[in-house]
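The values are calculated or read from the model by the stated rules, or taken from the named source; none is laboratory data. Here the structure is a predicted model, which is why all the values come from computation and not from measurement. Positions of Cβ are backbone-derived with ideal geometry, glycine not excepted, and every protein chain shown enters the neighbour counts. For the accessible areas, the whole protein counts, side chains as well, though only heavy atoms, and no ligand, DNA or RNA atoms are used. Shrake-Rupley method; radii C 1.70, N 1.55, O 1.52, S 1.80 Å.
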Amino acid sequence: MLTRRIIPCLDVKAGRVVKGVQFQGLRDAGDPVALARRYDEEGADELTFLDITASSDKRKTLAELVERVSKELFIPFTVGGGIRTLDDMHAMLDAGADKVSIGTAAVRDPTLISRASARFGAQFLVISLDIKRVGDRWLLTTHGGRTLTDVDALDFAVRMAESGAGELLLNDMAADGTQDGFGIELLQAMSSRVHIPLIASGGAGTCQHFVDAVSQGGADAVLAASVFHFGTLSISQVKSAMASAGIPIRPTHTTPLASGAPA
Amino acid sequence: MIAIVDYGAGNVRSVQKALAFVGADARLTSDPAEILSASRVVFPGQGHFGQSMGQLRQTGLDQVLIDVAQRGTPFLGICLGLQLLFEASDEAPGVAGLGLLKGHCERFAHPRKTPQIGWNQVQVQTPGSCIDPVLSAGDDHFYFVHTFHAVAADPSQVAATADYDGPFTAAVRQGALFAAQFHPEKSGHAGLNLLQSWLREDASC
């Protein structure tokens, strides 16, 4: 049975992870590869690296990071943050990223996704939508929620799916950062309109929130940052709660690598 | 030498990196002579059935792959590299696949979401392939990303299945030919162990 995915998200600046990540016994908390490995060992089903570097050589540092991670991490990983053009995407693919997350650029130029999908395939494209409820409408925002548009998020999501997007990452701006739970109504509204996988993001505080995003909201995957970074919840705790609620998950404990492989 | 067939279909370097991690030196190549003389051949792939077949035909690699498989060189297909072994796909009506296995590929029907993305639990159907040691070790979840799935005419060639609102082909096997619908190179320890098991198998894998 297809399991529901748990995806920790790491904020990266100039090739280093920022925000405190609390793993016991890990000395260099900023090394993305070391942290990625720890999340892998904990049972993360995928990882997302979000580059928040502001400088102009961002793409180069991100490509170097992707290159390093892809040599040592053998679960899928997504990179996002300022990826705007087919050239940006190609650089990430070439460095070894499995997927790219595209936000504002997809809103600004909706043809970008059909062109990208024709070239790289749907499996490479995660469309990240920051959405705000205004009256009875769900509207897209850009630039991390700072700019409100007049674009209907549900219509836009349908269009993205038709254009060849592989997955949608949904962030309800009212829930983001609250730790009060994912935006269930938004997930439900999207689930009834869109037939590509949905990733819930923003608002995780407790294990029950993850359960609700899947069982009530219909999310196929759940992404979270702070609760994992600060050690509020571990991935295995979240997975246990999901399993108890009858949600299929990939067991946390995998067998060790057979001898002969480097540790 | 292990040859990874490079025909412009997606991220083939991740396969090379995973093989390198388990200690195998594999080379990306589109050179027919190199592929024909390889001790093992990996046939990865992401993308469109029709476009990829077109690319294989244009370069003559279609016949090279058929020759390699028919002479019994250990062969590992991955994802689209499994689907292309069959005769046809609903993704590209009228386009002939490699036809090494009888059958065709179908789209996952509504209401199943497509692509199927994520980790799915795999069950062995036909014992005796290189997936067995991995599954018998208890590691039975692998990472899938696909919209189409193979329907083999000969059920005895289905090495493993998984369930997505109904069973579908997760791996196929015929002699030294083994192919997985999932991505071993992205399936954590289970996938790396499978690659290692494949590398250790003799030609009768």
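Here is how the numbers come out for the structure above:
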read-out: Qualifying residue in the stretch A:133-155 (condition: in a strand (DSSP E or B), among the basic types (Lys, Arg) and within 25 Å of A:Asp11 (Cα to Cα)); value: no
read-out: Unmet criterion (only one of (1) part of a helix (DSSP H, G or I); (2) in contact with a helix residue (DSSP H, G or I) (Cβ under 7 Å, 6 or more places away or on another chain); (3) open to solvent by less than 30 Å² (accessible area, probe 1.4 Å)) for A:Val107; value: (2)
read-out: The stretch A:172-204, residues that are in a helix (DSSP H, G or I), within 14 Å of chain B (Cβ to nearest Cβ) and among the hydrophobic types (A, V, I, L, M, F, W, C); value: A:Leu187, A:Met190
read-out: Filter result for B:Ala92 (at pLDDT 95 or above, part of a loop (DSSP other than H, G, I, E, B) and either closer than 22 Å to B:Leu199 by Cβ or touching a helix residue (DSSP H, G or I) at 6+ places or on another chain (Cβ under 9 Å) (or both)); value: yes
read-out: Options A:Leu65, A:Leu50; residue that is touching a strand residue (DSSP E or B) at 6+ places or on another chain (Cβ under 8 Å), modelled with pLDDT of 90 or more and open to solvent by less than 20 Å² (accessible area, probe 1.4 Å); value: A:Leu65
read-out: Number of the condition not met by A:Ser101 [criteria: (1) small (Gly, Ala, Ser); (2) within 19 Å of B:Val12 (Cα to Cα); (3) buried (at least 20 other Cβ atoms within 10 Å of the Cβ)]; value: (2)
read-out: Strands (runs of 3 or more DSSP E) contained in the stretch B:1-80 and holding at least 1 residues over 15 Å from the mean Cα position of the chain (by Cα); value: B:2-5, B:26-29
read-out: Selection from the stretch B:95-118 of residues that are within 14 Å of another protein chain (Cβ to nearest Cβ) and part of a strand (DSSP E or B); value: B:Arg107, B:Gln116, B:Ile117, B:Gly118
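So that you can scan it fast, the table gives a plain yes or no per residue for (1) buried (at least 24 other Cβ atoms within 10 Å of the Cβ); (2) at pLDDT 95 or above:
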residue: A:Met160; (1), (2): yes, yes
residue: A:Leu169; (1), (2): yes, yes
residue: A:Asp176; (1), (2): no, no
residue: A:Gln179; (1), (2): no, no
residue: A:Glu185; (1), (2): no, yes
residue: A:Ser191; (1), (2): no, yes
residue: A:Val211; (1), (2): no, yes
residue: A:Ser215; (1), (2): no, yes
residue: A:Phe228; (1), (2): yes, no
